[in-house]
Amino acid sequence: MTNLTVLTLFAAISCAWAYSAGAPESTCDDMTPKHPVEPKKSELPYKVTVNHDEIKPGEVVEITISEKSFKGFMLQVRKGEKAVGQFLIPDDDKYSKAINCHGSKGSAATHKNATDKKDFTVKWKAPRKPGKYTVYATVAQNGGTFWVQQPTQEITVN
């Protein structure tokens with residue numbers, strides 16, 4: 001192998017593993033992992049569900065990703081282009097963490113490691129402002145197969 005081939009291979013491998021500890025805040029706007037391949041354009045093969053689609057301001061909703069196993073994810077609940085509300089994830093959670101997006105504390109949830117996850121649930125606290133909010137999901141089956149910023153469920157806060 002030439003030095004260029006080895007360097008290219010090393011760069012691709014390091015990119016694929018770069019975010020195994022979760023999405024950085026720099027991905028908040030487009031929710032796109034910085035993997036060395038393009039995201040899938042097909043329909044999201046995962047179900048993203050909420051346990052309540054109508055709640056009062058400040059109440060908590062459980063958001064679940066299910067159907068088959070996956071390694072990474074990013075969830076946001078948005079009003080327009082901005083993530084709102086707060087994901088309630090304890091610091092000692094083994095699989096997920098909250099990150100700050102669009103100036104809001106804990107307004108996105110992401111994975112902490114590349115351990116397989118299935119039927120995975122996080123809690124989201126609604127903002128005080130009534131309205132219709134959309135749950136967006138990025139789900140990575142692995143480093144080379146992932147779907148980006150898919151609108152899934154709608155939550156009405158009133």
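Every read-out reported here was derived from the displayed coordinates using simple, explicitly stated rules and does not represent laboratory data. Computed from a predicted structure; not experimentally measured. No Cβ is skipped: glycine too gets one built from the backbone with ideal geometry, and neighbour counts run over all protein chains shown.
Things to note:
- Applying both filters, DSSP loop and at most 15 other Cβ atoms within 10 Å, to the trypsin sites (Lys or Arg not before Pro) of the stretch 67-129 gives Lys68, Lys94, Lys112, Lys118, Arg128.
- Taking label positions 7 Å along the Cα-Cβ direction at both Asp30 and Asn100, the computed distance is 2.4 nm, reported to one decimal.
- Note on Lys123: lysines with a C-alpha under 22 Å away, same-chain residues under 8 apart excluded, are Lys47, Lys56, Lys68, Lys71, Lys79, Lys82, Lys94, Lys97, Lys105, Lys112, Lys132.
- Per DSSP, loop chymotrypsin sites (Phe, Trp or Tyr not before Pro) in the stretch 113-158 with at most 13 further Cβ within 10 Å: none
- About its Cα centre, the stretch 3-157 has a charge dipole of approximately 180 debye under the convention of +1 per Lys or Arg Cβ and -1 per Asp or Glu Cβ, with nothing else charged.
- FRET efficiency for Asp119 and Ser42, using Cβ-Cβ distance with R0 set to 22 Å, rounded to 0.05: 0.50
- Helix 3-18 vs. the chain, principal-axis angle (Cα, 0 to 90°, nearest 10): 20
- If you plug the beta carbon distance of Gln149 and Ser20 into 1/(1 + (r/R0)^6) with R0 = 30 Å, you get a FRET efficiency near 0.90.
- Contour minus Cα-Cα distance for Glu67 and Asn51 (0.36 nm per residue): 4.2 nm
- Given 15 as the ceiling on other Cβ atoms within 10 Å, longest exposed-site-free region of the chain for GluC sites (Glu not before Pro) in DSSP loops: 82-158
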